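Colleague: For reference, the structure I am asking about is given below.
No lab work stands behind these numbers, since they all come straight from the coordinates. Quick caveat, the model's predicted, so the values are computed rather than measured. Virtual Cβ from ideal backbone geometry, glycine too; neighbours counted across all protein chains shown.
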Amino acid sequence: MAAGATWERWYDAYALAYAAPASVPQLACPDCSASALRLVYVVVDLVDRLGYGAFWCDACLQGISLSRAEAPAGAAVALFGETAGVSIPDYAVVSPQVSGSAGVAPETGLAWPEV
Ligand SMILES: [Zn+2]
C-alpha cells in the first residue's frame, strides 16, 4: 500500500478548503491528486455551526477529521444525527504524529468528539 499523504499535507489542503469552501471541488487531493475532495461539517445545531469537520477524498477515501471545528460560511453542514442525506463514506482517517503504522488503528472519524 502506498505511504499516502501526511496529516500535515492534508491539513494544508484543509486550510485552503476552510478559507474557501466553494473551491473544494477544484482542490487536488494531497494523496491521489484527484479533484474529488469533500468537506462537510457535522454540527449539533445550525446556529453556532460548531461540530466536527469531515474532509476526505471521494477517489481514494483518505482524509482527516477536525474536532470542535466551526463551519465557515458556505461550507456544507449536516446536523448531527441526521447525516443520512450527506453520505460521508467510511474513509481512512489520517492522524497527526503517527510515524509508523504498526498497531495503530485508524479512527473512523465519525465518533462524536469528547467535550
Ligand atoms: Zn485522493
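Colleague: Within segment 7-93, what percent of beta bridges assigned by DSSP are antiparallel, to the nearest 5?
Modeller: Within segment 7-93, antiparallel bridges account for around 70 percent of the total.
Colleague: Also, quick follow-up: Using modelled amide H (1.01 Å from N, peptide plane; none on Pro or chain starts), what sits under 5 Å from the amide H of Ala92, excluding residues fewer than 5 places away?
Modeller: Excluding prolines and chain starts, which carry no amide H, the hits are Gln62, Gly63.
Colleague: Turning to a different aspect of this structure: Mind listing P(r) for segment 7-93? All alpha-carbon pairs, 10 Å bins, whole percents.
Modeller: 19, 55, 24, 1
Colleague: Also: Under a plain spin-label model, where a point goes 7 Å from the Cα along Cα-to-Cβ, how far apart in nm are Phe80 and Leu16?
Modeller: Computed distance between label sites Phe80 and Leu16 equals 3.1 nm.
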